Amino acid sequence: MISNLISRIVILVLGTLYPAYASYKAIRTKNVKEYVKWMMYWIVFALFTCAETFADILISWVPFYYELKICFVLWLLSPATKGSSILYRKFVHPHFAKREQEIDSYITQASDQGYYALVSLGSKGLNYAANVVVSTAMKSQACIVEQFKSYSTSDLSLSETASAKSSPSRHIKKELDDDELDNRLIEERYNREIAEMAEKERSAVVKRSASTRVRKSREADLYSLQEIEESVGDSDKPQLHGSKGMTSNE
């Protein structure tokens, strides 16, 4: 049995491509007989295509369905059978001639309604697209705001955590600074006391040296006075002996 794919390929080549080229030749050569022949074929083939669409869904399970379709297309094309001309003259043309005005009114009404329906559908589509764009923009804005809020909350928590972690170090640093300041004050006070003690000792040494010099100067003065007194006493003794001798001589 022939598969659906093979039947599609055969119908595409024999039922579409070959008639299209033959129609081109008829238009190019301006052969009216061939032109009318292929115009009838295309009308019948268009109706066949419409019927085929529903038949493939409903009766494709029938045995030899695809073979029958290929045979029908070959019957339409064959110059010996002239199937397309027979179907057009006996069935298609009489029915179209009877309902031509009705079909034209339906086409006109459908075209008008189709235009208004197309405009309405286009406006509805534009409104729907605008609503989708606006809703998407609002949702994206809300998502961005929530993301920024989450970022700010996380940054705040991180900053609080960092401050909580750094606060003990700052406290320890502050305590170290206070201890260092106390040590520096104690050291300055000790140095100041040592300087005061050294100044006192220096002044005491100066005073002792001054008193020693005064005492030595006094002792020197006393010693010089004693020497002077002794020298004066020694000079007076000979004079006394001389006066005594002169007295005795007299």
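The values are calculated or read from the model by the stated rules, or taken from the named source; none is laboratory data. Bear in mind that the values here come from a model prediction, so they are computed numbers and not experimental data. Don't worry about glycine lacking a Cβ; one is built from the backbone with ideal geometry, like all the others, and counts go over all protein chains shown. Ligands, DNA and RNA are stripped out before the accessible areas are found, and what is left, the full protein with its side chains, is counted by its heavy atoms. Shrake-Rupley method; radii C 1.70, N 1.55, O 1.52, S 1.80 Å.
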Helices (runs of 4 or more DSSP H) contained in the stretch 1-84 and holding at least 2 residues without any contact (Cβ under 8 Å) to a residue 40 or more places away in the chain and polar (S, T, N, Q): 18-29, 32-58
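Let's see how each residue does on (1) open to solvent by less than 100 Å² (accessible area, probe 1.4 Å); (2) at pLDDT below 70; (3) in contact with a Phe, Trp or Tyr (Cβ under 8 Å, 6 or more places away or on another chain); (4) among the hydroxyl-bearing types (S, T, Y):
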position	(1), (2), (3), (4)
R184	no, no, no, no
S224	yes, no, no, yes
I228	yes, no, no, no
V232	yes, yes, no, no
K237	no, yes, no, no
Sole residue being among the charged types (D, E, K, R), surrounded by 10 or more Cβ atoms within 10 Å (Cβ to Cβ) and modelled with pLDDT of 80 or more, chosen from R202, R208, R170, R213: R202
Residue count, the stretch 22-80 (criterion: more than 22 Å from P94 (Cα to Cα) and open to solvent by 60 Å² or more (accessible area, probe 1.4 Å)): 20
Residue within the stretch 151-159 that is more than 60 Å from the chain's Cα centre (by Cα) and either surrounded by 10 or more Cβ atoms within 10 Å (Cβ to Cβ) or modelled with pLDDT of 70 or more (or both) present: no
